[in-house]
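Written below as structure tokens is the structure these notes are about.
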Amino acid sequence: MTDVKCIRCGALTIGTTQICKVCEIELNPIRPSSAGAVFYPAYGRSSNQSSVTIHPFNSITDVLGPTLLLFTNNLWLITKITVVIAAPFEIFRALSVVDIEYDAQLAAGIYLLDLLCTIVIAPALTYALMQVMQTGVAPGVNESYRWGFSKLTRLTVCAVITWILMGLGTLACIVPGIIIALSLSLVFPIAILEKGSPLEVLQSSYELTKGHRWKILGATIVILLLSATASL
């Protein structure tokens with residue numbers, strides 16, 4: 001086994017041991033090799049039953065299939081984690097929607113709250129799904145948010161830098177904004193799952209998306225179309 005970084009504490013374990021030397025959970029690579037497909041046990045199932053298959057990113061279907069299967073198999077887990085933060089915000093927005101068009105400050109405040117919800121929910125949800133893929137066992141809501149809050153400061157810094165760069169790129173001529181968005185599309189998972197400064201996170205996302213940005217754009221368009229269809 002190669003060097004493995006622990007999903008929970010980030011400690012690097014060298015050698016053939018299967019247990020983290022710091023927090024004593026079972027180890028698996030966060031970034032599987034792209035040489036072949038990787039199989040993760042589905043939530044609530046044993047490893048010899050239905051599983052999530054993560055293929056190398058060669059086409060859009062390599063993304064959509066595993067994503068839909070992962071979210072379908074873990075819909076209740078995702079609902080529990082998101083509803084804690086999203087439900088109060090959605091209620092507030094529903095009660096305020098009539099006044100938004102007449103109050104620019106209220107509209108700006110709701111937009112910022114929306115971004116804040118994304119930053120708060122993302123690390124907890126990512127941790128929970130990674131735990132399911134690693135162990136087949138879903139963590140509790142408290143555990144997920146406790147782990148997520150430990151990543152909040154760096155994630156917030158990375159997210160703000162990303163949004164600023166995307167905004168400047170969009171103002172420049174829209175196309176640069178799209179290129180920046182594609183280059184930095186992995187900022188959230190890298191900031192959540194790995195250690196390093198915000199600059200290192202941005203650099204890592206830029207390097208990892210090289211050669212895949214057209215595929216990322218295609219997958220993003222398809223997901224947006226599916227989301228719009230579901231909304232209708």
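The values are calculated or read from the model by the stated rules, or taken from the named source; none is laboratory data. What you are looking at is a predicted structure, and each value in this text was computed from that prediction instead of being measured. When we count neighbours, we look across all protein chains shown, and the Cβ atoms used for this are built from the backbone with ideal geometry, even at glycine. Areas reflect the complete protein model, heavy atoms only, side chains present, ligands, DNA and RNA absent. Shrake-Rupley method; radii C 1.70, N 1.55, O 1.52, S 1.80 Å.
Figures for the structure shown
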read-out: Estimated inter-spin distance, W214 and T82, nm [label 7 Å along Cα→Cβ]; value: 3.2 nm
read-out: The range 178-232, accessible surface, carbon-and-sulfur percent (1.4 angstrom probe); value: 72 percent
read-out: Area of I85 that stays accessible when all protein chains are in place (1.4 Å probe, Å², to 10); value: 50 Å²
read-out: Cβ-Cβ FRET estimate between T61 and W163, R0 fixed at 25 Å, reported to 0.05; value: 0.25
read-out: Selection of trypsin sites (Lys or Arg not before Pro), the range 123-232, meeting DSSP coil and at most 10 other Cβ within 10 Å; value: K210
